[in-house]
Amino acid sequence: MKTTVIAVSLPHVRSLSSLLERAADFASLMKPRVMLLAVFTAVVGLVIAPVHLDLLRGSLAILAIATGAGAAGALNMWYDADIDAVMTRTARRPIPRGKISRADALVFGLVLAGGAIGVLALALNVNAAALLAFAIFFYVVVYTISLKRRTPQNIVIGGAAGALPPVIGWAAATGEIGLEPLILFLIIFLWTPPHFWALSLNRADEYARAMLPTVAGRAATTRQILIYSVLLVPISVLPWTLGFAGALYAAMAVVGGAAFVGLALRLHRSKGTNRQAAHRLFVFSISYLFLLFAALLASSYANRGPAGFSARVAPTDVTLLQAGSPVRPVLMARSATLFSLGEV
């Protein structure tokens with residue numbers, strides 16, 4: 001029996017290892033954990049949209065949105081490299097560690113952003129691409145550069161960028177913006193402040209050391225967290241109220257919302273001195289948003305049935321409706337019935 005020996009030089013192994021390590025550093029610039037939740041909400045917006053999108057174009061849309069989110073993260077790290085270096089939570093990022101230069105991070109972020117916007121414009125539609133471009137611009141220029149170091153309200157205003165993925169997903173499928181994705185936008189927008197402030201309560205000293213404006217005291221912060229948490233509950237129920245989500249989603253919105261408010265109330269009563277209460281709310285907030293959108297996705301599928309994602313009103317029906325055909329009342333009744341079943 002012959003044994004074949006393949007000789008691999010040590011420098012070659014080291015070169016490959018170095019290349020993989022550098023690729024991992026660039027990947028971490030994209031804030032993958034943050035990106036995953038944003039991409040998931042975009043997938044929900046795309047899937048529940050009332051049009052059929054084939055697998056290839058749908059995959060390209062999600063890839064472009066994920067790349068755009070990664071680009072925003074990379075550009076955020078490029079600009080914030082100085083304050084990242086003095087905060088324990090961010091000191092291990094690639095730029096503070098000297099693994100990647102700020103110039104490389106800037107080029108990487110700009111290339112990703114341009115590529116993502118271009119793919120979305122060419123493969124899907126210009127409206128979705130414009131929304132993605134606006135989201136990246138808002139997160140980098142408005143939030144990171146203009147607000148983050150100047151006002152404690154940066155997360156409230158800047159949260160609009162993080163709330164846009166489901167709107168972009170919907171626009172990628174339909175070419176326009178509807179009421180449904182705007183409600184999903186509002187849910188994430190109201191969720192963001194309590195989510196972030198719960199984290200910041202345990203890291204106020206780090207933000208102060210980085211010369212970032214911190215919230216106006218723990219008591220005021222916990223009060224704001226409670227207010228936003230209470231506002232979130234009725235808004236989160238709107239998808240069920242308006243008929244584009246079913247009972248499964250409604251149950252998750254009510255039960256999850258009650259738990260969210262309960263944790264926020266417990267934190268407020270502790271006057272923010274209980275670090276465990278703040279951490280518990282922060283961790284729960286992540287699960288809450290994921291489960292809420294997962295319930296919306298499952299509820300939408302259950303309403304539509306096994307063939308629901310491709311079953312839509314036929315183009316001829318739309319033409320007849322627009323042409324003022326005598327069968328218009330019949331088609332309108334049919335469309336209303338389909339809408340009630342989650343088909344349109």
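Based on other C-beta atoms within 10 Å, arrange 82, 54, 25 from fewest to most.
Final ranking by Cβ density, sparse to dense: 54, 82, 25.
How many angstrom lie between the Cα centre of the stretch 88-142 and the Cα centre of the stretch 222-272?
If we compute the Cα centre of each part, the gap is 32 Å.
So, counting K/R as plus one and D/E as minus one, what does the shell of residues with Cβ under 12 Å around residue 263 add up to? Don't skip to the answer; put the middle values down first.
Values: positive: 266, 269, 280; negative: none.
For residues surrounding residue 263, the net value is +3.
Arrange the following residues from fewest to most other Cβ atoms within 10 Å of their Cβ: 97, 218.
97, 218
Based on the alpha-carbon gyration tensor of the stretch 58-187 and its eigenvalue square roots a ≥ b ≥ c, which shape applies: rounded if a/c is under 1.5, prolate if not and a/b is larger than b/c, or oblate?
Oblate, since a/c reaches 1.5 and b/c is not below a/b.
Within 10 Å of each residue's Cβ, count the other Cβ atoms and sort 279, 268, 52 from fewest upward.
Placing the least packed residue first, the sequence is 52, 279, 268.
Quick check: Cα centre of the stretch 26-52 to Cα centre of the stretch 170-196, how many Å?
12
Could you please report the charge total around residue 125, scoring K, R as +1 and D, E as -1 over all other residues with beta-carbon less than 15 angstrom from its beta-carbon?
Taking every Cβ under 15 Å from that of residue 125, the sum is -1.
We did not get these values from a lab; they are worked out from the coordinates using the rules stated. Since the structure is predicted, the reported quantities are computational estimates derived from the model, not experimental observations. So basically every Cβ, Gly included, is an ideal-geometry build from the backbone, and we count neighbours across all protein chains shown.
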